[in-house]
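Please read the structure below before turning to the comments.
Throughout, read-outs are computed from the coordinates displayed, never taken from laboratory work. These numbers were taken from a predicted model, which means no experiment stands behind them. Cβ atoms come from the backbone with ideal geometry, glycine included; neighbour counts cover every protein chain shown.
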């Protein structure tokens, strides 16, 4: 899709500037499956005009929250609404909310016919169907049965279906899972453009770096509870440095005197220390004064995933990551 | 036509199954209609009945609706697939996202199935009509198309097929596994019901026969053939139609109450 359509978005049917897009409001939402508390008294809002990344490890309750939000599952308690309206009460659901949850299609139906089925309820015509097939780069495959589509193509068909009604909200569950790198780049640009028109994007992921480049806000949940909601810009994304030294204990003590956090790590080249500072002059001088030989001193890009897991585990060591 | 109905019609019309079924109903239904046609022909040649078979309106009616026994099974299957396919291919979520008021989906499915059911019913009756014509010509009989009861039988034959699609749909709603719903539906139609019908027939329990879907359909069509375990004292056509309608509603209502509201997984 990146090749054919580039970054151009489908022209909105109604100028978005004239619409008022309300925030998504998750209010004290709980969903239990038997004794399992998939979502537990969860509250947050998703602002219009922004891309919000919805993060958490697998099993954190992201998908359940999204499914309750769009009326596929009933909440045990609490509400999930678009402005004040639950999904079920939306007058024109497809013109209001586009959802890319799972990409499931009748295997014998062509991609184009799948969109025609959805176009009937969205109240749009065949030209809109063809326009979207073009946008997601499926025009050539439009008349082939969905069973012949690759995972990435199915994902793009699902996206086309979500966009048929020209919605104000776009909800995506792990969109990067099935997309190739090119498709992911295209999607990022598309979502940025979508949000810049004042519309709302909520996309879930279990990997921070997938949404890090796109999201304005992030909402992190774990075990069905809110861990953190923050603007991406407010995340403390300062870089780190890595040193390999002759005496790691002495180096650690010396660096602890600086106003930084120091962690030990080991990779294929052996043990190292990671310092939450990129001031290599101070680090180098400190180690020199501590009589430690420095074999390597490197500035590292910030570690998004590490930040993510810190949020989840409360400054735990990264070695004790919860397996996803 | 409302959007959700158009959407449901497109769901059926955009897969191959519907016209394969239509072809089956027409060709196999025609084959089924040959059975009463030949047996009437045989009876007329050997017994030397005082009123020749092809001059009896009842004989012609049984040929016209000869394909009904097959067409109703295929109608049942179409109905099961309309709902069961959504569970099977996990497209239910997409459907409910487009139409979150789920009962509207059910009504639209029912309406589209009635439409396709009428089409299958017409194919079945048309096949019966085409089978009857050569026999009538050869034996110098009549098609009895001037008679009201012939037309009633034709129209009710078409309507009964539409009702059978709804029985299938109800089953498809209630049983959320398509394969299981098919097994239950076809098993009931081919094993359970004929066994019960045979039992009721030999016990001469007409009410039991009349209350079965097949018995109700026989009553609707005015079929009196004892080989089909038809009741000796059948319901009138409209009573039969009511019983059949109840068979449509029973699983559908249970399904709407117990399974449609549940979370979509």
Rounded to two decimals, the Debye log10 I(q)/I(0) of the stretch A:2-232 (Cα scatterers, no solvent) at q = 0.08, 0.10, 0.17 Å⁻¹ is -0.27, -0.43, -1.27
Residues B:61, B:261 in order from fewest to most other beta-carbon atoms within 10 Å are B:261, B:61
Within 10 Å of the Cβ of an average residue in B:86-94, the count of other chain Cβ atoms is 5
A chain fully extended from residue A:266 to residue A:185 at 0.36 nm per residue, minus the present Cα-Cα distance, gains in nm 25.9 nm
For the stretch B:1-98 the mean separation of alpha carbon contacts under 8 Å (6+ apart) over residue count, i.e. relative contact order in percent, is 30 percent
Pseudo-spin-label distance residue A:193 to residue B:43, built 7 Å along Cα→Cβ, given in nm, is 7.4 nm
Working note, the stretch B:185-226: Cα radius of gyration (Å, one decimal) and Dmax (Å, whole number) are 9.8, 26
Over all Cα pairs of the protein assembly as shown, the Kirkwood radius sets Rh, and Rg/Rh then becomes 1.17
For A:280-291, B:115-126, ranked highest to lowest by mean beta-carbon neighbours within 10 Å, the order is B:115-126, A:280-291
Across 10 Å bins beginning at 0, the whole-percent shares of Cα-Cα pair distances in the stretch B:113-218 come to 13, 31, 33, 20, 3, 0
Relative to chain A, whose Cα atoms define the longest principal axis, helix A:151-163 and its Cα axis are tilted in degrees, nearest 10, by 60 degrees
Descending packing, highest mean Cβ count within 10 Å first, for A:123-136, B:156-169 is B:156-169, A:123-136
Here the percent of antiparallel bridges among DSSP beta bridges lying wholly in the protein assembly as shown, to the nearest 5, is 65 percent
Taking Cα atoms, the helix A:280-289 axis meets the longest principal axis of chain A at an angle in degrees (rounded to 10) of 30 degrees
Quarter of the surface of the C-alpha convex hull for the stretch B:3-260, i.e. direction-averaged projected area in nm², equals 14.1 nm²
Inter-chain shielding metric for A:56-65, i.e. average beta-carbon neighbours from other chains within 10 angstrom, reads 0
Here the whole-number average of other chain Cβ atoms within 10 Å per Cβ of A:66-76 is 3
Once normalised by the length of the stretch A:240-301, the mean sequence separation of its alpha carbon contacts under 8 Å that are 6 or more apart gives a contact order in percent of 51 percent
Most packed first (mean Cβ within 10 Å per residue), the peptides A:210-222, B:199-211 order as A:210-222, B:199-211
Cα pairs beyond 17 Å in the stretch A:240-301, in percent, come to 24 percent
With Cα coordinates, the longest principal axis of chain B makes an angle with the long axis of helix B:148-174, in degrees rounded to 10, of 30 degrees
Of all DSSP beta bridges having both residues in the stretch A:87-205, the percent classed as antiparallel (nearest 5) is 10 percent
